[in-house]
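Remarks on the structure that follows.
The values are calculated or read from the model by the stated rules, or taken from the named source; none is laboratory data. Every value quoted in this text rests on a predicted model; they were computed, and no experiment measured them. A quick note on method: Cβ atoms are made from the backbone with ideal geometry, for glycine too, and the neighbour counts reach across all protein chains shown. These area figures cover heavy atoms from the full protein model, side chains too; ligands, DNA and RNA do not enter into them. Shrake-Rupley method; radii C 1.70, N 1.55, O 1.52, S 1.80 Å.
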Amino acid sequence: MKMKTSVLALLAAMALAGCSAQNINRAQPAVDAQKTAVTHPQPAHVVKRDLASGLYEMTLSPQGDALYVSSAEGFKDVQGGVVYKLDPTTLKTLGVTHTDLKNFAMAISPDGQTVYVTHSLDGGVSAIDTRNGKVVSRTLFPERNEKGQPYGAREILLHNGLLYIGGVADPALVWVVDASTLKVKARIKHAGKWVTGLHWSEQTQRLYVANGGGEVLVVNPRNNRIEQRWKPLGDKPALLLNIAEDSETGRLFVTDNSKAKTTLVLDIHSGKVLKQIDGDALAVKFNPKRHEIYISQRESGKVLSLDATSYAVKQSWDLPPNPNSLLLSADGQTLYVTVKQPFNKDHSTNGPDSVARISLNQ
């Protein structure tokens, strides 16, 4: 996602991030003080809970009754990771799945019965049964780089029974995986350097792929061919990351938190740059219910709400030290944020990462 080379080298496998896992999925009768839901000094409409090390992405159940949060746990002397199941209102723990691999990106099936998590360091994906918390299937991709290390499996997108999983490699690819069997059905190759972002557009019926070489690729899912390659910043150094869409106006919002420090507003059909929103930008979400854009600013420790027409900042939330991933509820009235701690030189941190819940209608 955006950091210095030492961390990016670690998380380019994990970020940019057999089923012998031990699983637990039950209400927790007791948890340590560090993992109880707490409200920090925040506005009344913001709840922030310290949860665990290595938090990354989130997904909500279709019924809206569970928030799943992926965790790689620690990177120093810690094996495996955890998927947390939280109450989406209180952020209290409802269940925990311990995995033998570290977790990064997430997706959930339309019926809410399966959560998919990518394992960036090991180049794979697992399916977890939400009814009992068990890892029921897994695929580890065979690709290896010149050092013999797995391609990092970063972002994941579920559409029409298929999982699209971005590979962090040079050259990169997108794995197309059957969501029911986790069998690889196809590979979208020649995807540039480091596939970092994935987005499906209902308007154009195309897959949009961001990469670390400053490109946005437009993919036809019927034949998995790259139809267009846009380089919106030209020859300027860029590491494009996350993508959101305003389908009504045909705009794509694409973040760059490396050299450009901007959010690009692109025409979804041509790739033409319509606007550049200056400032460090990591995750981005568009809210059609409120006509707002949300951007996490990892370096400045803020999450911004922008008017989607004027791009003026409507509201800013201080969520230090490093707000990371964003998730928007289906009704558009709640925004969830993972907040990360900085890495020390040995890849440890000085405390747990957090989850924040922002009520947008307050």
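Jot down the per residue volume, in cubic angstrom and as a whole number, of the convex hull over the alpha-carbon atoms of segment 184-232.
81
Give Lys183/Lys345; Lys134/Lys340; Lys102/Lys189; Lys185/Lys259 a once-over and call out the pairs whose C-alpha atoms are over 29 Å from each other.
Violating the 29 Å limit, Cα to Cα: Lys183/Lys345; Lys185/Lys259.
How big is the dipole moment of the chain about its Cα centre under a simple scheme where the beta carbon of each Lys and Arg is +1, that of each Asp and Glu is -1, and everything else is neutral? Debye, nearest 20, please.
380
Leu233: accessible area at probe 1.4 Å, nearest 10 Å²?
20
Of the heavy-atom accessible surface of the chain (probe 1.4 angstrom), what whole percent is carbon and sulfur?
Carbon and sulfur together cover 47 percent of it.
May I ask for the net charge around Asp100, where only other residues with Cβ less than 14 Å from the Cβ of Asp100 are counted and Lys, Arg are +1 while Asp, Glu are -1?
+1
Quick one: accessible area per residue over segment 251-362, 1.4 Å probe, rounded to a whole number of Å²?
Accessible area per residue: 38 Å².
Can you show me the helix-derived [θ] at 222 nm for the chain, built from DSSP H runs with n ≥ 4 at -39,500 (n - 2.57) apiece and divided by the number of residues, rounded to the nearest 500.
-1000 deg cm²/dmol
Just how far, in whole angstrom, is segment 41-72 from segment 178-243 if you go by their alpha carbon centroids?
Cα centroid of segment 178-243 versus Cα centroid of segment 41-72: 27 Å apart.
Extending each Cα 7 Å along its Cβ direction at Glu202 and His190, get the distance between those two points in nm, one decimal.
Spacing of the two 7 Å Cα→Cβ label points: 3.2 nm.
For the modelled label position 7 Å from the Cα of Val273 along Cα-to-Cβ, which residues of segment 229-253 have backbone nitrogen atoms closer than 20 Å?
Of the residues in segment 229-253, 229-246, 250-253 have backbone N under 20 Å from the label point off Val273.
Measure off 7 Å from each Cα along the Cα-to-Cβ vector at Asp170 and Tyr311, then give the distance between these two points in nanometres to one decimal.
Here the answer is 3.0 nm between the modelled labels.
Hey, got a sec? Which trypsin sites (Lys or Arg not before Pro) in segment 131-232 land in a DSSP loop and have at most 12 other Cβ atoms within 10 Å?
Passing sites in segment 131-232 are Arg131, Lys147, Lys183, Lys189, Arg222.
Largest first and in whole Å, give the semi-axes of segment 228-362's equivalent ellipsoid, each being the square root of 5 times a Cα gyration tensor eigenvalue.
Those come to 25, 20, 11 Å.
Of the listed values [x] 50, 32, 18; [y] 27, 25, 20; [z] 35, 24, 20, identify the label whose number matches semi-axes √(5λ) of the Cα gyration tensor in Å calculated from this model.
Among [x] 50, 32, 18; [y] 27, 25, 20; [z] 35, 24, 20, the one calculated here is [y].
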